[in-house]
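J.: Sharing a structure with you now.
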Amino acid sequence: MSWQAYVDNQICAQVSCRLAVIAGLQDGAIWAKFEKDMPKPVTQQELKLIADTMRTNPNSFTESGIRLGEDKYYCLHAENSLLRGRKGSSALIVVATNTCLLVAATTDGFPPGQLNAVVEKLGDYLRSNNY
């Protein structure tokens, strides 16, 4: 399965997304993505900064927020392999696996619990397959 198929079939088919990205954990290189109604496209530099900060100092997100495509999400939960954020009624999740970063943000009003379940399950699946 291609990385874009994971974004389309495993995330966007189950979650009302405004953003879904799979990127390399080491360099932030975007492997696949979906964007809708984002002020600016998400960049490799933003994703690399998130991945690096998750590894070294995830709690700094609680002070600075999580920035993607000029949107700032307030950080609700931060640890080395998981971030959760909010911007208005849009939820954000970032999951780090062994080799990649999964990032997804919902359209306004979509249940964050459903977002978390879908993306965390995909993260567990990728980890179990050494990704």
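J.: Which net charge results when you count Lys and Arg as +1 and Asp and Glu as -1 among the other residues whose beta-carbon is under 9 Å from that of Pro39?
T.: Details: positive: Lys40; negative: Asp37, Glu70, Asp71.
Charge balance near Pro39 sits at -2.
J.: How large is the convex hull of the C-alpha atoms of the chain per residue, in Å³?
T.: Values: hull volume 11.5 nm³, N = 131.
Dividing the Cα hull volume of the chain by its residue count gives 88 Å³.
J.: Tally Lys and Arg at +1 and Asp and Glu at -1 over the other residues with C-beta under 13 Å from the C-beta of Lys48: what net charge comes out?
T.: Numbers: positive: Arg55, Arg67; negative: Asp27, Glu46, Asp52.
With Lys, Arg at +1 and Asp, Glu at -1, the neighbours total -1.
J.: Same structure, new question: Can you give the accessible area per residue of the chain, in Å², using a 1.4 Å probe? Walk me through the intermediate numbers first.
T.: Numbers: 6290 Å² over 131 residues.
Here the residues of the chain average 48 Å² of exposed surface.
J.: For segment 49-131, which whole percent of the accessible surface, found with a 1.4 angstrom probe, sits on carbon and sulfur atoms? Could the numbers behind the result be given before it?
T.: Working: 1870 of 3890 Å².
The value for segment 49-131 is 48 percent carbon and sulfur by accessible area.
J.: Using only Cα atoms, locate the centre of segment 1-46 and the centre of segment 47-95, then give the distance between them in Å, rounded to an integer.
T.: 15
J.: Compute the length gained on full extension between Thr99 and Ala13: take 0.36 nm times their separation in residues and subtract their Cα-Cα distance, giving the result in nm to one decimal.
T.: Numbers: separation 86, 0.36 × 86 = 30.96 nm, distance 2.32 nm.
Gain on extension, Thr99 to Ala13, equals 28.6 nm.
J.: Hey, another quick one. Counting only other residues whose beta carbon sits under 12 Å from that of Leu68, what net charge do I get with K and R as +1, D and E as -1?
T.: Details: positive: Arg18, Lys33, Lys40, Arg67, Lys72, Lys87; negative: Glu35, Glu46, Glu70, Asp71.
Overall, the nearby charge balance is +2.
J.: Right, something else. From the helices alone, meaning DSSP H stretches of at least four residues, give me the mean residue ellipticity at 222 nm for the chain, per-run term -39500 (n - 2.57), in deg cm²/dmol to the nearest 500. Present the calculation step by step, with values, prior to reporting the outcome.
T.: On the way: 3 runs with 34 residues, N = 131.
Taken over the chain, the calculation gives -8000 deg cm²/dmol.
The values are calculated or read from the model by the stated rules, or taken from the named source; none is laboratory data. Being a predicted model, the structure only gives us computed values, none of them experimental. For neighbour counting, all protein chains shown are included, and Cβ atoms are generated from backbone atoms with ideal geometry for every residue, glycine included. Each accessible area value is taken on the protein alone, full model and side chains, heavy atoms only, with ligands, DNA and RNA left out. Shrake-Rupley method; radii C 1.70, N 1.55, O 1.52, S 1.80 Å.
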